[in-house]
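Below is one structure; the comments refer to it alone.
The values are calculated or read from the model by the stated rules, or taken from the named source; none is laboratory data. Keep in mind it's a predicted model, so treat the numbers as computed, not measured. FYI the Cβ positions are ideal-geometry reconstructions off the backbone, even for glycines, and counts take in every protein chain you see. Accessible surface is based on the protein model in full, side chains and every heavy atom, while ligands, DNA and RNA are left aside. Shrake-Rupley method; radii C 1.70, N 1.55, O 1.52, S 1.80 Å.
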Amino acid sequence: MIHNMNPQGIIYTCNPSHCFMDTIEELAEKIPIVIINNQNEHLNVDAVELDNSKLGRMMAKHLLDLGHRKVAYIAPPLTTRQKQRSKRVEGFLKEFDAVGLKDNVIIKAANESIDMSIPNIDITAIVGLNDMIAFGILDALHEEKYKVPADISVMGCDNTLFAKMHKVSLTTIEHFVVFKGRDACDIILRKIESQKSYRKGDEPTSIYHIEYEPRLIVRGSTGYAPDESNHEKKKK
């Protein structure tokens, strides 16, 4: 369909399925293509990249620095097609594993298991794979009369517009989604201009790979882990 549409450029806003990569690379030789991808593998096309493993490690380090040792991580299905989700979880687990606490992290991914029971573990923080999941966690805790962050800390990722507008402003990770879109457009325009400036076949060959350093945004949903003895009394 893209061949028939004859566009001047294409911005691919998610990781292409592996079975389409050869087709995309062939198409990129004729049409400027930029992929806003998640660094799953090396791509021979222009890309604005994100290291999801690094995001997961940053989230884990923030909670560890606050004294949280038993946490839950809630995610959508961790499917092969959505590798970026698994990378974010893997990065989180690696940071806890580095201090010998990997077994203290509960991972709950939607529709991945018929076992819906939560192990009897006294968690002090819950992480959402993204901000939207974290908002749901905040609402659920509010309904159960838990105080955030006094009883349980909550953290998201993506720094969406609503992260600072919720009842409890959300601690999250900024990885500059708006800037990625801007840079993808800029690369496309540069390639189009290059095609106009040179004779066919004489255009310079260039592949752009841009990556932003993610930033921790600390707001009101995370705090120091509650005192263990007080947490046990509340539970009883």
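Of the residues in region 106-121, not one is crowded, with 21+ Cβ neighbours inside 10 Å and either modelled with pLDDT of 90 or more or among the hydroxyl-bearing types (Ser, Thr, Tyr) (or both). Within region 154-182, residues that are more than 21 Å from Arg85 (Cα to Cα) reach partners that are of a type in the set (Lys, Arg) and part of a loop (DSSP other than H, G, I, E, B) with beta carbons closer than 7 Å, at six or more positions or on different chains, in the pairs Lys164/Arg219; Ser169/Arg219. Residues in region 166-186 that are assigned to a loop (DSSP other than H, G, I, E, B), surrounded by fewer than 22 Cβ atoms within 10 Å (Cβ to Cβ) and at pLDDT 90 or above: Ser169, His175, Phe176. When Ala140, Ala163, Ala134, Ala150 are checked against the criterion of being in a helix (DSSP H, G or I) and surrounded by fewer than 19 Cβ atoms within 10 Å (Cβ to Cβ), Ala140 stands alone in meeting it. Does region 11-32 contain any residue that is open to solvent by less than 40 Å² (accessible area, probe 1.4 Å), under 23 Å from Val178 (Cα atoms) and in contact with a Cys (Cβ under 9 Å, 6 or more places away or on another chain)? No, region 11-32 contains no residue that is open to solvent by less than 40 Å² (accessible area, probe 1.4 Å), under 23 Å from Val178 (Cα atoms) and in contact with a Cys (Cβ under 9 Å, 6 or more places away or on another chain).
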